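First the structure, in the form of structure tokens, and then the observations on it.
Just so it is clear, none of the values below were taken in a lab; they were calculated from the coordinates. Values in this document were obtained by computation on a predicted structure and should not be read as measured data.
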Amino acid sequence: MTSEAPKQIRPSTESPVALDALERLSAGELLRFAFDRFGDRAVIGTSFQHGGLVLIDPAREAELPIRVFTIDTLRLHPETYQHITAVERHFDVRVEKVTPDPAAVSRMTAQHGEFLFFDSPDKCLHCCKIRKDRPNEGFLGNVDCWVTGLRRDQSEERAQTPRARMTAKYGRPLLKLSPLAGWSDEEVKRYVRARESPVNELYSRGYSSIGCAICTTPVLPWEQPRAGRWRWEHQGQTKECGLHLERGDGI
Ligand code: SF4
């Protein structure tokens, strides 16, 4: 991708009309808007599931040099690391890998052990906070627009996901776009197949939602896509790690 001078226009928290208008844009138009308005202060965040490909592909096709980042918890499946490399090559894009603070990880594992997530839901959330949420917060502190692959059909928690919202999750206004909010799982898969994008090998082994190794497992055909997350602790509980949870008002 070519580089272009950044446009540093900060989003306003008082733009409900603009948000309404964004709700009506197509996925490609939302990506175009994000880059035109915010330049390199707009980023696509992806965990390298199918949805991320549906965001990267049209951006690449339209020659939008929009930045792409991923949170590398340092506990991803080997197949996911291979997939990231394949995506970088296929789309000729550099993926910014955001890793947790090594000192914070060392403190956590020294105190609670490497596999603390098995102990309790609280420790599970603590691990996600150290490995995912804080690195995400640190990275997003330097941008104004966060483009995600969230979809409403992924879980009950995500059923009301808007395509555009202002979030103050990390203590400052940030425009959060979810261009695929209204897409179905089948639509996403069809797009990826039609475009012959590289796919994470884990999908062929029954995974439908891919996160950290151990904490993510394959799902059965009748289960929700995120049912394979934290199976041992979270039966009947939320399947969110906190990355997308707003304070008290859903995703
Ligand atoms: Fe830790 Fe599991 Fe969360 Fe990954 S998904 S950050 S290993 S608790």
*Given the options D144, D119, D153, state which has the largest fluctuation in a GNM of the chain using a 10 Å cut-off (strictly under) for Cα springs.*
D119
*What's the lysine pair count for the chain at a Cα cut-off below 22 Å, pairs eight or more apart or interchain?*
17
*Note the angle between two axes, namely the Cα long axis of helix 102-112 and the longest principal axis of the Cα atoms of the chain, as a number of degrees from 0 to 90, rounded to the nearest 10.*
30 degrees
*Bin width 10 Å, alpha-carbon pairs only: give the P(r) of the chain as whole percents, running from 0 to the bin holding the largest distance.*
7, 31, 39, 20, 3
_Rg(Cα) / (2.2 N^0.38 Å) computed for region 147-209, rounded to two decimals_ = 1.32
*Compute the acute angle (0 to 90°) between the alpha-carbon long axis of helix 185-194 and the principal axis of greatest extent of the alpha-carbon atoms of the chain; round to the nearest 10°.*
70 degrees
*Return the long-range amide H neighbours of L174 (sequence gap of 5 or more, or a different chain), with a cut-off of under 5 Å between placed amide H atoms.*
T167
_Using only the alpha-carbon atoms, how far is helix 78-91 inclined from the longest principal axis of the chain? Give it as 0 to 90 degrees, nearest 10._
10 degrees
*region 110-158 - convex hull of alpha carbons, volume per residue in Å³*: 113 Å³
*Run through the DSSP bridge list for the chain and note the antiparallel percent, rounded to the nearest 5.*
30 percent
